[in-house]
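Quick note: the coordinates plus some simple rules give every number you see, no bench work behind them. Nothing here was measured: the structure is a model prediction, and the numbers come from that model. Positions of Cβ are generated from backbone atoms using ideal geometry, with glycine treated the same way; all protein chains shown enter the neighbour counts.
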Amino acid sequence: MIDRDTVLHVATLSRLELRDDEIEPMARELSAVLDHLETIGELDLEGVEPTAHVLAERSPLRADEPSPSLPREVALDQAPDASDDGFRVPSPQA
Amino acid sequence: MTAFEPVIGLEIHVQLATRTKMFCGCELVFGDPPNTHTCPVCLGMPGTLPVVNAEAIRLGLMIGEAFGGELAERLVFHRKSYFYPDLPKGYQISQFDEPLVSGGRLGDVGLERVHVEEDAAKLTHAGASGRIGGSTSSVVDYNRGGTPLAEIVTLPEIRSAEQASSWLRLLRETLRQLGVSDVNMEEGSLRCDANISIRPVGDTTLGTKTELKNMNSFRFIEQGINAEVARQIRVVESGERVQQETLHFDPRTGSITSLRSKEGSHDYRYFPEPDLPPVQVPAELLESARASIPELPLQRAERFRTELGLHEESARLLAFRRALGDYFEATVAAGGPEADRQQIANWIGNDLVRRLDAGEDTDPDPAESKVEPASLAELVALVGAKTINRKAGEKVLDVLVAEGGTPGPIVEREGLAAIGGGDELRPVVQAALDANPDAVEKLKTGNMKPIGAIVGHVMRETKGRADGGEVTRLTREILGL
C-alpha cells in the first residue's frame, strides 16, 4: 500500500497540486496499479530480457544534416509569456 | 591529529562537434541570437519524436576508442525526469545502465564510463547578481537545448586539486586533437564537475562526497577543489559529518555555498526512453570511429621521447600542443639526420614560443609565423656548430620572427658571426688578461671565480660574438692552468 507521504513526494516531483481529499484515493489507485504489476513478479523470468519496448522496428539514425528551424516569432508565439528574444518563465528558484 | 587525503572523481560534459542537435536537425551555431535555432522537437512540443544524430554517436565512440573503453553494441536511451525551464520536455534523454562506453583510461586516471545525452537550454535570470536566486522572472534561450553531449565520468582516482587540473588539461587536449569537440571552457563546450570526499590517509573506504558544480577554468577547478577539501577537513575535525550535497564555488570570494538542487531528492525516475527503441550500433559507424583516431598527445609524447630522444618535459610540452608538435616535426625533418633534436625542441618550446606568445589561453602556432622550419633548423645548427653563440642566435631569431628570411644572410648583415677559435680570439683574451691583473692572480691560484670578469671583458670587446666556453678554454691555455 502506497502511503500518504509517497503520494505527496511523487506529486511534488510531478509538479501536481493535490487537494487533501484527493490524496487518499490517489494512494489507493496507485497501489492498485502496482498490485496489478506485481502479478508479473509471480512469473519465472529467469534469463528473459526485460522488454522496455514493444516496437519490433528499431530506431533509425539520422545524418548530421541541418534542417530548417522555426522563425523566432513563430516559436515564441507558442509561449504564454515571452520577451523580445526569449521564453519568459517564472524564476525557478525565486 | 589525523592526516586526510582527498578522493576526487571528475564528471566532464563536452559538447560534441556536430553540425546539428542530438535529436533534431536544428543547426548548432554558438553566439547566434537567442531562439533562432529551435523546432518542435527541441522545444518539446507534444507529438514530436526524437531521431538520433549518427555523427554524435560516432564522436562518442571515438572518445571510447581513444581511451580504450569497451564500446556498447547497442544504443539504449533513458529518460531522466526533472522539471526545470531549461528542459522543455520535463525530462532529458540520456543514458543510464548501458552507456555508450564502459571503462577506459587516460594517463594516470581510469574512466568509469562515457555516455551521450542532450544539453539543456540556457537560462538567463533577470536578477543581475549573476547567480541563481533573487530574480523573479527568467528568460530561456533554447538554441543550446538539445546539443549533443558526451559525459565522461572518471573513477575516484584523483588525489589532489593539481592532479585534477593537469589531468583535465590532458583530457581537453586529447579531445581537441581527436576533433570531437571545441573544448572551449569559456563558451561552455567543456564543463567540469568534481565529486570530492576526504578520508584518513591509509584508509581505503570512501567518505561521503559532495559535488562541486560547473567550474569553468583550470584555475577555478584547483581553487574550488582545494577550498572544498579544506572545508570538509574542518567539518570532520569539528566532530561533524560531511553532508552529501551539491555545491557552488564562487571564485571571487573563494566561498562555497550549497545549491538547492534541481530536484531535491535526485529522484530522476530513470526509465527506458519509449520514443527511442534500442538500436544496434551500426558497424560502419564503429569502423569509421576506429579509423578516425589520430595519434594522441600521450602517444606522441612517448614517440618524441623514445624515437627522437627528447627529455620527458620537452616531449610533453610539444606533444600536448599540436601546433608545436607539428612544427617541431617539420623542423626536425628540415634539419636532417644530423639535427640536434633536443636543441630544436628547446628553441621552439622556449625561445620561439616566448616570441610568439599571444596572451594567456591562446596557443601560438609557429607555422603561422614568418619563421620557416628550415630556417630554425639552420639556426639551431649554426649555434650547435658554434658558428654563432647562443646570444647571437637569439638575435637572429628576433629578426626571423620580425622579417622571415634565412639565418645565413642575417648573421652576415648584423655581424653576428662568432669570433672563431684560437687565432682570432686569442689576442682579445690576452688583452683582457692584461687589463685584469688582479683576476689573473686569483685565477693562477686555482680560484676560477674571476673568469667572469675576463669573459665579460671579451664580450664587450667583441660585441657579444665570442663563445664563453672558448674564452675559458683559451684563458686556461694562456695561463697554463
*How many angstrom separate the Cα center of the stretch B:163-199 from the Cα center of the stretch B:310-346?*
26
*Give the longest segment of chain A that steers clear of trypsin sites (Lys or Arg not before Pro) in DSSP loops with at most 15 neighbouring Cβ atoms within 10 Å, not counting the sites themselves.*
A:20-57
*Would you look at the GNM of chain A, springs on alpha carbons closer than 10 Å, and say which of A:Ser59, A:Ser83, A:Ser67 moves the most?*
A:Ser83
_Give me the base-10 log of I(q)/I(0) for the stretch A:20-64 at each q in 0.14, 0.30 Å⁻¹, Debye formula, one uniform scatterer per Cα, rounded to two decimals._
-0.65, -1.06
*MRE, 222 nm, helices only [DSSP H, n ≥ 4, -39500 (n - 2.57), over the protein assembly as shown, to nearest 500]*: -11500 deg cm²/dmol
_Using +1 at the C-beta of Lys and Arg and -1 at the C-beta of Asp and Glu, which of B:Gly452, B:Leu175, B:Val471 has the Cα lying farthest in the positive direction of the dipole of chain B?_
B:Gly452
_Total charge dipole magnitude, the stretch B:297-414, about the Cα centre, Cβ charges on Lys, Arg, Asp, Glu only, Debye to nearest 20_ = 280
*Considering only B:Leu87, B:Gly404, B:Val229, whose Cα is most displaced toward the positive end of the charge dipole of chain B, charges sitting on Cβ of Lys, Arg (+1) and Asp, Glu (-1)?*
B:Val229
*Ranked highest first by average number of other Cβ atoms within 10 Å, how do B:144-152, B:184-192 line up?*
B:144-152, B:184-192
*In vacuo Debye scattering of chain B, one point per C-alpha: log10 I(q)/I(0) at q = 0.08, 0.09 Å⁻¹?*
-0.66, -0.78
*Tell me which residues come under 5 Å, amide H to amide H, from B:Arg144 once H is placed; ignore anything under 5 positions away on its chain.*
B:Lys122
*Counting residues in the stretch B:4-291 as N, plug N into 2.2 N^0.38 Å and put the Cα Rg over that result.*
1.01
*If you put +1 on each Lys and Arg Cβ and -1 on each Asp and Glu Cβ, how big is the dipole of chain B around its Cα centre, in Debye rounded to 20?*
860
_Cα-based radius of gyration of the protein assembly as shown once divided by 2.2 N^0.38 Å, which approximates compact folds_ = 1.31
*In units of 2.2 N^0.38 Å, what is the alpha-carbon radius of gyration of the stretch B:422-479?*
0.98
*Ratio Rg/Rh [Cα only; Rh per Kirkwood] for chain A*: 1.16
*Acute angle (nearest 10 degrees) that the helix A:20-38 long axis makes with the longest principal axis of chain A, alpha-carbon atoms*: 70
*Nitroxide proxy distance, nm - points 7 Å out along Cα→Cβ at B:Ser102 and B:Asn214*: 3.2
*Among A:Ala82, A:Ala11, A:Ala52, whose mean-square fluctuation peaks in a Gaussian network model of chain A (Cα, cutoff 10 Å)?*
A:Ala82
*Most positive-pole-ward Cα, B:Ala194, B:Phe271, B:Leu28, against dipole of the protein assembly as shown from beta carbon charges*: B:Ala194
*Using mean Cβ contacts within 10 Å as the protection proxy, how do B:385-393, B:247-255 order, highest first?*
B:385-393, B:247-255
*About its Cα centre, what dipole magnitude does the stretch A:1-42 give when the only charges are +1 on Lys and Arg Cβ and -1 on Asp and Glu Cβ, stated in debye to the nearest 20?*
180
*Determine the shielding of peptide B:20-28 by partner chains: average, over its residues, the number of Cβ atoms on other chains within 10 angstrom of each Cβ.*
4
*Spin-label pair B:Ala385/A:Ile2, simplified geometry with 7 Å Cα→Cβ offset, distance in nm*: 8.6
_Only bridges whose two residues both fall in chain B count here: according to DSSP, what percent of them are antiparallel, nearest 5?_
95
*Mind jotting down the distance between the C-alpha centroids of the stretch B:266-304 and the stretch A:58-87, whole Å?*
27
